[in-house]
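Written out below as structure tokens is the structure these notes cover.
The values are calculated or read from the model by the stated rules, or taken from the named source; none is laboratory data. Worth saying up front: this structure is predicted, and the values here are computed from it rather than measured. When we count neighbours, we look across all protein chains shown, and the Cβ atoms used for this are built from the backbone with ideal geometry, even at glycine.
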Amino acid sequence: MDIHFTARKFKAHDAVKEHALNAVKLLDKFYDGIVRVDIILSYERPTNSLKAAEINLHVHGTILSAKDKSEDFHKSIDLVIEKLERQLSKYKTKVRMKNKKTLRRVKEEITKPGDEE
């Protein structure tokens, strides 16, 4: 998994960066086909603003994206990770169902020629 970290308009503290990297590494247990991760942190105004976190997951064939805002970067990252966990589980079940359908089709094609003879 290739991880890209971007902090827009500021330099992120090491604690925030470590928290984001560790949280993204935990997503690997939900789906191991994650190719690349883009973590983008930003804020709206210089003082008293909402902190925004956006994470884009590049998996085989598609991009899963989530964005959220809160008063703290740690909280924003945690909210985005929760969203991505749900998206990954949905994506994983979609892929499994597609594989089951193709497997059924192959089994039907194999059994049909044998029945006609």
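Some notes on this structure:
- Check on ASP28, exposed (fewer than 15 other Cβ atoms within 10 Å of the Cβ), under 13 Å from the mean Cα position of the chain (by Cα) and not in a loop (DSSP other than H, G, I, E, B): yes
- Selected residue (criterion: surrounded by the fewest Cβ atoms within 10 Å (Cβ to Cβ)) from residues of the range 64-115 that are β-branched (Val, Ile, Thr) and either touching a Pro at 6+ places or on another chain (Cβ under 9 Å) or closer than 14 Å to ALA20 by Cβ (or both): ILE81
- Just so you know, in the range 1-25 the residues that are of a type in the set (A, V, I, L, M) and buried (at least 16 other Cβ atoms within 10 Å of the Cβ) include one that is farthest from the chain's Cα centre (by Cα), and it is ALA12.
- Close pairs from the range 92-108: first without any contact (Cβ under 8 Å) to a residue 60 or more places away in the chain and closer than 22 Å to LEU57 by Cα, partner part of a helix (DSSP H, G or I) and polar (S, T, N, Q), Cβ under 6 Å, at least 6 apart: none
- Given (1) crowded, with 16+ Cβ neighbours inside 10 Å; (2) in a loop (DSSP other than H, G, I, E, B), index of the condition SER49 fails: (1)
- For the range 43-72, residues that are modelled with pLDDT under 95, out of contact with any Ser or Thr (no Cβ under 8 Å at 6 or more places or on another chain) and closer than 17 Å to THR6 by Cβ total 1.
- Only listed residue being within 25 Å of ASN48 (Cβ to Cβ) and either part of a strand (DSSP E or B) or within 11 Å of the chain's Cα centre (by Cα) (or both), chosen from LYS67, LYS75: LYS67
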